[in-house]
1. What's the total number of residues in the stretch 299-310 that are more than 20 Å from the chain's Cα centre (by Cα) and part of a loop (DSSP other than H, G, I, E, B)?
2. From (1) over 26 Å from the mean Cα position of the chain (by Cα); (2) in contact (Cβ under 8 Å) with a residue 24 or more places away in the chain; (3) under 24 Å from residue 274 (Cα atoms), pick out the condition that doesn't hold for residue 371.
3. Where in the stretch 26-139 are there helices (runs of 4 or more DSSP H), lying wholly inside it, with at least 1 residues that are under 30 Å from residue 410 (Cα atoms) and either outside the structural domain of residue 457 (by TED's automatic domain parsing) or over 25 Å from the mean Cα position of the chain (by Cα) (or both)?
4. So how many residues does the stretch 47-63 have that are touching a strand residue (DSSP E or B) at 6+ places or on another chain (Cβ under 6 Å) and crowded, with 22+ Cβ neighbours inside 10 Å?
5. Report, by residue number, each residue of the stretch 315-339 that is closer than 24 Å to residue 294 by Cβ and not in a strand (DSSP E or B).
6. What number of residues within the stretch 1-25 are in contact with a helix residue (DSSP H, G or I) (Cβ under 8 Å, 6 or more places away or on another chain), over 18 Å from residue 178 (Cα atoms) and not in a strand (DSSP E or B)?
7. Return only the number of the condition from (1) surrounded by fewer than 14 Cβ atoms within 10 Å (Cβ to Cβ); (2) at pLDDT 95 or above; (3) under 23 Å from residue 83 (Cβ atoms); (4) in contact with a helix residue (DSSP H, G or I) (Cβ under 9 Å, 6 or more places away or on another chain) that residue 118 does not satisfy.
């Protein structure tokens, strides 16, 4: 049995035939045909999450792990507006989502009917493409048109780069009818799978490479890729080449510069100009470090090539000179045999510099007592290997960059838009989709409480581990220039509070742990990570004023 709404029945059939199997539904009436059709299909796994904002981030976490589109579906009206933060994150992080929104028929829009807004193209600024289905398919020709639309919509969630696609579905009452004759569709590809790099662009790129004595490659956020890692490791051996990565790049090699903020902080300002690259090559999505952005915007590269499958003009450093429309792994594999090694001290300088910085970091941490910096040192050491590690915004993902990238983790973070909304929900979705992996989310207190509806979810799994760093507010505002000295800092920026997570954990049947010093933290972690039948939450309490001063002292120490 399926819904008797022909458009929804056809959508369900195409969805499965295109290889998709997951949908996150939120309760409603107007979306009843979608619920009826998808939940009764034997090849679809449907879950229900009440809060639409949390549901969308939960689906985003699932899609991160499945590497294919996960659908979300809600009722009409303001419900779909709650999808917006996750859709924006998926758009900028390049995560495939298929957004299905039930709607009133067009004659009921703007006439005062309840639960009705203008839904067509409502996500226009952060969606790959939007579609609206007809109310009915009265002829075979109309069915063919909708069939093609659905194929194209699903294809656009993955090519030329992954991202969210919106299908608005007008539905008229009655909404709960069933039929045992589902509408069958045909599937086909609506895109070209291979993108060939233009020969002139290739020649220009190789010319810039061969004439560069200081070549800098910067990897933004990436999904783990063994092949990309191998190619970059090989290239990083060239004398003129430096490869900069972050934890969220998911790239690992002793030759990579994976602690960007530490490295740049230690360099005297008078030496910065000498680090200006002849050639800058970027790929991946967002970069966390503000310091590298400031450095390269002040001393821009002579040539900057960005590699992007969609041809996106990502001019992060305000010196973009060329776009290579290709996957980074495919392009570097294609050209690496034609890349020359040029005599240069560029790589040696950075390697020596990295060794000095690591010694200083170790010396500082050896003398550091209980604070956020010490907490992160302990966590990155003690969290079990082969884990998925989710880094919350704003301070957790920044602290992580100070400790470099570890091969024991795969790193995830909502750095597409870098908001605090939905980070726990995303980790919960990831844990649901990857039940064989420990999924740890490290979040600040404000980010956790803001997304506490993530716990209002019947699909939370025991492999979800939530670590809340509770320092009584948004700690980033206590050390970034500007708000750190503002009289409104505690009330309006850091939003100081005395909330605790213990009762929330108990309300939603989570195991609760807490720690307020080094001994408590190290003793709690083994039990926290034990395999049990429900998720666990560890709340770590630190002193808000002490944290900011220690972090400032840390950067001052690196400059000595």
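The values are calculated or read from the model by the stated rules, or taken from the named source; none is laboratory data. This is a predicted model, so every value here is computed, not measured. Counting neighbours? That spans all protein chains shown, and the Cβs are built from the backbone with ideal geometry, glycine included.
1. 4
2. Answer for residue 371: the failing condition is (3).
3. 52-66, 84-93
4. So the answer is 8.
5. 315, 316, 317, 318, 319, 320, 321
6. Residues meeting the conditions: 4.
7. Every listed condition holds for residue 118 apart from (4).
A quick yes/no check of all residues on (1) surrounded by fewer than 20 Cβ atoms within 10 Å (Cβ to Cβ); (2) free of Cβ contacts under 8 Å to residues at least 12 places away in the same chain; (3) in contact with a strand residue (DSSP E or B) (Cβ under 9 Å, 6 or more places away or on another chain); (4) within 18 Å of residue 32 (Cβ to Cβ):
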{"position": "100", "(1), (2), (3), (4)": "no, no, yes, yes"}
{"position": "131", "(1), (2), (3), (4)": "yes, no, yes, no"}
{"position": "156", "(1), (2), (3), (4)": "no, no, yes, no"}
{"position": "159", "(1), (2), (3), (4)": "yes, no, no, no"}
